[in-house]
Structure formats: C-alpha cells, structure tokens
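Take a look at the structure set out below.
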Amino acid sequence: MKLDLILRVTTKAILPFILLFALYVHFHGDYGPGGGFQAGVIAAGMVILYSIVFGVEAAQRVISQRLVATMVPLGVLIYGATGVISFLYGANYLDYGVLGHDSKHGHHLGILLVESGVIITVAGTMTAIFYAFVQRGR
C-alpha cells in the first residue's frame with residue numbers, strides 16, 4: 001500500500017470525519033438511534049482502516065496494545081461506577097435520577113456516563129480482537 005498515494009491521502013483526510021461521526025452517534029444516542037456500542041464499533045473501524053492502509057505497526061504506534069488493554073476495563077469501570085454512585089445516593093443501581101440537581105438532568109448525566117463507558121469498552125474490545133487476528137497470522 002506504500003505506492004497508493006491517493007488512498008493514503010484520502011484515508012488521512014477522512015479519518016477525522018469518521019471519528020466525528022462516531023462522536024455524533026455517541027452523543028445523539030440520547031435522542032435517537034445510536035449510542036455507545038455503535039459509536040465504539042465506528043471508532044474501532046477507524047483504527048482498522050488506518051491499519052489496513054498504513055500497516056498494523058503504524059496503527060499500533062498510534063493506538064498501542066497497552067492502551068487497548070487499558071480501555072476495556074476502564075469502560076467497564078465507568079459503567080459500574082455510575083451504578084455504584086447512584087446506589088450510594090440511596091437509589092437503585094443505575095437509577096440515574098439522583099445524579100443531577102433534578103431527575104431530568106440526572107438521567108441525562110447517567111446515560112451519558114454509561115454510554116461513555118460502553119464506547120470505550122467496545123472500541124477497545126473490537127481493536128483488541130483485530131490486533132489478535134492480525135498477530136495470529138504472523
């Protein structure tokens with residue numbers, strides 16, 4: 001792929017828009033279809049596209065395996081901590097209403113935190129699976 005200049009330049013130009021679309025799907029998940037899972041898959045697809053065009057070594061320099069291995073439990077921790085915090089405020093586990101100054105804002109904040117945990121975990125897991133498959137063939 002080193003000789004495909006148009007493909008490499010086009011990929012570099014489109015990667016920020018893929019990330020922007022992933023963030024749009026993530027933040028629009030409160031109001032319509034989408035959310036953390038879909039956005040995580042889109043973000044992982046961005047890493048996979050980068051590695052296909054520029055090589056796996058280049059992708060691992062940008063998103064290292066150590067970072068990927070940290071993302072998976074970090075997202076689960078954010079998800080679980082959101083539930084524990086609401087539990088400590090005297091509500092049920094993942095009952096977000098107590099997280100804000102009123103129930104509506106609490107629900108919005110809780111959903112945002114949970115979906116943030118999901119996007120981090122899904123993007124990390126999908127990238128880790130891709131890295132595992134790539135290394136298997138070597």
So which residues in the range 76-91 are among the polar types (S, T, N, Q) and either out of contact with any Asp or Glu (no Cβ under 6 Å at 6 or more places or on another chain) or at pLDDT 95 or above (or both)? T82
Any residue at all in the range 30-43 that is exposed (fewer than 13 other Cβ atoms within 10 Å of the Cβ), among the hydroxyl-bearing types (S, T, Y) and closer than 30 Å to F133 by Cα? no
Pairs only if they're at least six apart or on different chains, beta carbon under 8 angstrom, first in the range 26-54 and closer than 15 Å to M71 by Cβ and of a type in the set (A, V, I, L, M, F, W, C), second outside any helix (DSSP H, G or I) and at pLDDT 90 or above; list them, first residue then second. V47/I63
Would you be able to tell me the number of residues in the range 62-120 that are closer than 28 Å to Y50 by Cβ, touching a residue at least 24 places away in the same chain (Cβ under 8 Å) and among the polar types (S, T, N, Q)? 3
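The values are calculated or read from the model by the stated rules, or taken from the named source; none is laboratory data. All of these numbers come straight from a predicted model, not from anything done at the bench. Please note: Cβ atoms are built from the backbone with ideal geometry, for glycine as well, and neighbour counts cover all protein chains shown.
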